[in-house]
Structure formats: C-alpha cells, structure tokens
Amino acid sequence: MTTLGCALFATRWLQAPLYFGLVAAQGVYVYKFFNELWHLIHHVISGHADETHVMLAVLKLVDVVMIANLLIMVIVGGYETFVSRIGLQGHRDQPEWLSHVNSNVLKVKLATAIVGISSVHLLQMFVDVHHTPRHDLLWGTVIHMAFIASAAILAYMSGPMAAHEAKAHALHETRHAEPRTVTIPAQRDGGAAHHDEAPEAGSGAEERIEAAGFPARKVLETFDDGHLRAPDPQVIARLGKADFVARKANVVLLGGPGTGKTHLAVALGVRACQAGHQVLFATAAEWGTRLSDAKAAGRLRAELARLDAYPVLIVDEVGYVPFEPEVANLFFQLVSHRYERASLIVTGNRPLGRWDEVFGDSATASATVDRLAHHAEVVTLDADSYRTRRLEGAGVGGWVTR
Ligand code: ADP
Ligand code: MG
C-alpha cells in the first residue's frame, strides 16, 4: 500500500466516534423505554388504562426495542465492516448475522428492520383508528409498502452480490490463510487427470473444491457401490445429498484398507462444496501437526474458531498411526469444539469400540467417540480392497494389506 493510500485508509477511524455517538443514542432509547414502561405501569395501577391504551403502549415499547436492535446492528456491524474487526469469532454471544456481515447484508438487515418498525407504527395507527386522520392512515400504508418494496429489491440484488463476495472471500482465504498452516499436498493420488474439468459456471463450487485440499478429485459418480457388501447403496445415496452439513452432523466412515473410505470422504466433501459449503481436508496426522502448532503458538482457541468458517472438516485415516497423548487430546478438543456446531467427516480403519488403541487412553477415546457419534452417520464399509481387486485371481488379495 502506498503512503497516501495508507493515510487515506487510516481516515476510517474518523468514523469511530460516530459509532460511540450511536451508543449514546442507544442510551437515550433505554431511557425512553423505561420512561414509557413507567407511564404504562402508572396508568394501569391508577386504573386509567383501557385495553387499547395498554396495547398502544406495549407497541410503543416494541417499537423502541426494535429501533434499539437496529442501532446495535448498525453499531456493531458498521464498526466491524467499515472501521475495524471486533474479533468476536468464537465468542459465546457472537450474533449469528455478524459472521457473514458485509455492507450488502447490512443494507438488507437495515431495510427489513425498517419494515418491522414501520409495521409496528402502522399497527399503532390502525389500533387507534378513531383518532388517526385518514390522510395519515393512507400515507402510513403507502410508505410502508414503499419500505417493503425497497427491502425486497435490496434482498433480491444482494443475492448475486453476496455470491460474488463469498467467492472473492474463498479465494482470499486460500491465497492468504493456508500458507500459514500445514500445507496439504494437492492431487496426491493421480487425480490430476480430472483437474481440467469445466468449472461449474459462477457458483464458486470449483474454487471451494480447489481450496479444500483434497488429495485427489474423487466423485460419488465414480464410486462403485456394487463393489461393497455393506452398506446398502441407499445409504451412500443419502449421504450424497450432503444434508448432514445443515444438521451439523458428522459422518464416520470405517473399514479396512482400500474399501473406499478416502474416496467417499472426498466425494462427500465435493458434494458439500457444490452445495455451497467450505470444506477442508487433511489426514489425522496433518490435523495433529496443525493443531499442535497452533497450541504451541498459544492460539489453539483462535485456530478452532477460525475453522468454524468451514462447515465441513475432513479428517482422514484416524487409527493408522496411534496418536501421541498430546495429539489425542487435541483431536478430542477438535471434536468437542465442533460438536453440534459444524460437521466432521472422519475415516478410520478400526471400529469405534477400539479407538482406545488409537488414543492410548480409554477416557479420552470414549469422550471423543461419544461426541463424534452422537449426531453421526456411522458407516462401516465392508469390501475387499479395491486397490488389489484385480490381483484377487492371482491369489495376492488375501495378504496384501497396508
Ligand atoms: P481407503 O481410504 O479405504 O484405504 P481409498 O478410498 O483410498 O481407500 O480407495 C483406494 C482406491 O480405490 C482409490 O483410487 C479409490 O478411488 C478406489 N476405490 C475404492 N473403492 C471404490 C469403489 N467402491 N468404487 C470405485 N473406486 C473405488
Ligand atoms: Mg484412505
């Protein structure tokens, strides 16, 4: 950035006092609220309030609260978007809308909040219809309609804009964030042949698939479920709908070597990318290194919170190498952090009942398995190794294991 650019950019701080001004305005609303409330209570106690009066007074309170909500949205959202990051990621009270706030989202939120406020006003007018001039009623309704129309137009326009920004954001994440963490070798398994497929136009799926760090491009369409003795093809098809992501549920794929665990995990990840979710793939060992590094740097919490941006994390090959005690603990933290918050797809070569062999500690193992499997589709793949299937006839299949 040039010095001039830096200086210009720094002027954003001029806005900061405005937000504190809004905080003061918020204080005024708090005062107004309690003032109204006190009047209402006073009227009710002194027996002066009929039902319409109470309703009007309550509507006025609702109105004040809604304006206060709007203020918070502008204060927090505006400050975060236009001045400086507040860094609420991972905070227990982080508002759901803040994670995807940008100027477009903010505009739509404001427009809908204004529609809400104007509905309350209109309702107030109609409740008190005998004392409201016809002229006010008419214009109140027209203005309300105008607010609704403008909110609808803004919401409609923000769709394509938001998609564009999400795409830009995903690209930014991969370019700038990943090099700081463990680099996950891309296209390890000869999947490069599929690399040049035409990207799905404009949806951003291709960028998400690129960014996920899959070892190879594997898709559900090339998965031969006829090769499996179990599970039923229906189970695979159901998983392929990727609706476990919305439910924040996990998928645990278990089975011997070559039964297609990694293939399925990647294919489900690809489906999730196509459904609009960010996905990150790494082996259990790579996750271990990544989390150990974060812990050593004293930013494990921040790293776990950062990973919340990915609705799906894939942990491949749990159990091939037993965990070091520290890594076992980190893996437990990962699973428990994401519990009911976001999905994990985990593959492993041992039944869950034998994960104490991987964790080296049965308490950590059972606590992890408990959370992992609570909302999970646990699928055991029963098949001969797909890698050695052609050697079967040569009598090699029986003893070639990895
Ligand atoms: P695992 O992770 O269980 O050891 P992989 O998923 O890596 O096994 O599978 C090994 C190879 O066999 C991969 O190239 C994969 O694409 C292929 N494969 C495994 N199962 C199937 C299947 N049912 N249909 C098509 N390809 C399969
Ligand atoms: Mg594998």
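For the stretch 73-88, the tally of residues that are among the aromatic types (Phe, Trp, Tyr) and exposed (fewer than 15 other Cβ atoms within 10 Å of the Cβ) stands at 1. Do the conditions hold for ALA267, that is, is it without any contact (Cβ under 8 Å) to a residue 60 or more places away in the chain and within 16 Å of ligand 2 (Cβ to nearest atom)? Considered against the rule, which asks whether it is without any contact (Cβ under 8 Å) to a residue 60 or more places away in the chain and within 16 Å of ligand 2 (Cβ to nearest atom), ALA267 comes out as yes.
Condition check ((1) of a type outside the set (D, E, K, R); (2) in the same structural domain as LEU372 (by TED's automatic domain parsing); (3) not in a helix (DSSP H, G or I)) across all residues:
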site	(1), (2), (3)
ALA267	yes, yes, no
CYS273	yes, yes, no
HIS277	yes, yes, yes
GLY288	yes, yes, no
ASP293	no, yes, no
GLY298	yes, yes, yes
ALA302	yes, yes, no
ALA309	yes, yes, yes
ASP316	no, yes, yes
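Inspection of the stretch 119-137 identifies no residue that is under 25 Å from the mean Cα position of the chain (by Cα), crowded, with 17+ Cβ neighbours inside 10 Å and at pLDDT below 90. Just give me the residues in the stretch 235-250 being under 17 Å from the mean Cα position of the chain (by Cα) and within 24 Å of TRP355 (Cα to Cα), in sequence order. Within the stretch 235-250, PHE244, LYS248, ALA249, ASN250 meet the criteria.
Select from the stretch 339-350 the residues that are at pLDDT below 95 and either closer than 16 Å to ALA284 by Cβ or buried (at least 21 other Cβ atoms within 10 Å of the Cβ) (or both) and write down the one among them that is farthest from ligand 1 (Cβ to nearest atom). Of everything passing the filter in the stretch 339-350, ARG350 is farthest from ligand 1 (Cβ to nearest atom). Restricting attention to the stretch 284-312, the residues that are in contact with a helix residue (DSSP H, G or I) (Cβ under 9 Å, 6 or more places away or on another chain) and within 16 Å of ligand 2 (Cβ to nearest atom) add up to 3. Between VAL245, VAL251, the distinction of being outside any helix (DSSP H, G or I), within 16 Å of ligand 2 (Cβ to nearest atom) and surrounded by 13 or more Cβ atoms within 10 Å (Cβ to Cβ) belongs to VAL251 only.
Within the stretch 212-234, the residues that satisfy the criterion of being under 25 Å from the mean Cα position of the chain (by Cα) and hydrophobic (A, V, I, L, M, F, W, C) are ALA212, PHE214, ALA216, VAL219, LEU220. Filtered by the rule that a residue be more than 16 Å from ligand 1 (Cβ to nearest atom) and either on the phi > 0 side of the Ramachandran plot or modelled with pLDDT of 95 or more (or both), the stretch 311-324 gives PRO311, VAL312, LEU313.
Considering each of TRP97, TRP13 in turn, give the residue that is modelled with pLDDT under 90 and aromatic (Phe, Trp, Tyr).
Values: TRP13 fails: modelled with pLDDT under 90.
Result of the check over TRP97, TRP13: TRP97.
Within the stretch 318-344, take every residue that is in a loop (DSSP other than H, G, I, E, B) and within 25 Å of GLY256 (Cα to Cα) and give me the one that is nearest to ligand 2 (Cβ to nearest atom). For the stretch 318-344, the residue satisfying everything is TYR320.
Taking the stretch 213-226 as the region of interest, how many residues are near ligand 1 (Cβ under 9 Å from one of its atoms) and either closer than 16 Å to ARG271 by Cβ or part of a loop (DSSP other than H, G, I, E, B) (or both)?
Initially, the stretch 213-226 is screened for residues near ligand 1 (Cβ under 9 Å from one of its atoms), giving 215-216, 218, 222-226.
Now restrict to residues that are either closer than 16 Å to ARG271 by Cβ or part of a loop (DSSP other than H, G, I, E, B) (or both): 215-216, 218, 222-225.
Number of matching residues: 7.
The residues of the stretch 271-305 that are crowded, with 19+ Cβ neighbours inside 10 Å and touching a strand residue (DSSP E or B) at 6+ places or on another chain (Cβ under 8 Å), listed by number, are ALA272, CYS273, HIS277, GLN278, VAL279, LEU280, PHE281, ALA282, THR283, ALA284, TRP287, ARG290. If I filter the stretch 250-299 down to residues being more than 14 Å from ligand 1 (Cβ to nearest atom) and polar (S, T, N, Q), which single residue comes out as farthest from ARG387 (Cα to Cα)? Among those residues, the one meeting the criterion is SER292.
Every residue in the stretch 227-242 that is assigned to a helix (DSSP H, G or I) and within 16 Å of ligand 1 (Cβ to nearest atom), please. Matches in the stretch 227-242: HIS227, PRO233, GLN234, VAL235, ILE236, ALA237, LEU239, GLY240.
Just wondering, is there one or more residues in the stretch 245-259 that are in contact with a Cys (Cβ under 9 Å, 6 or more places away or on another chain) and either closer than 17 Å to ARG217 by Cα or polar (S, T, N, Q) (or both)? Break it down into steps so the answer makes sense when it comes.
Within the stretch 245-259, the first condition is being in contact with a Cys (Cβ under 9 Å, 6 or more places away or on another chain), and the residues that meet it are none.
No, the stretch 245-259 contains no residue that is in contact with a Cys (Cβ under 9 Å, 6 or more places away or on another chain) and either closer than 17 Å to ARG217 by Cα or polar (S, T, N, Q) (or both).
The values are calculated or read from the model by the stated rules, or taken from the named source; none is laboratory data. All values derive from a computational prediction rather than experimental measurement. When we count neighbours, we look across all protein chains shown, and the Cβ atoms used for this are built from the backbone with ideal geometry, even at glycine.
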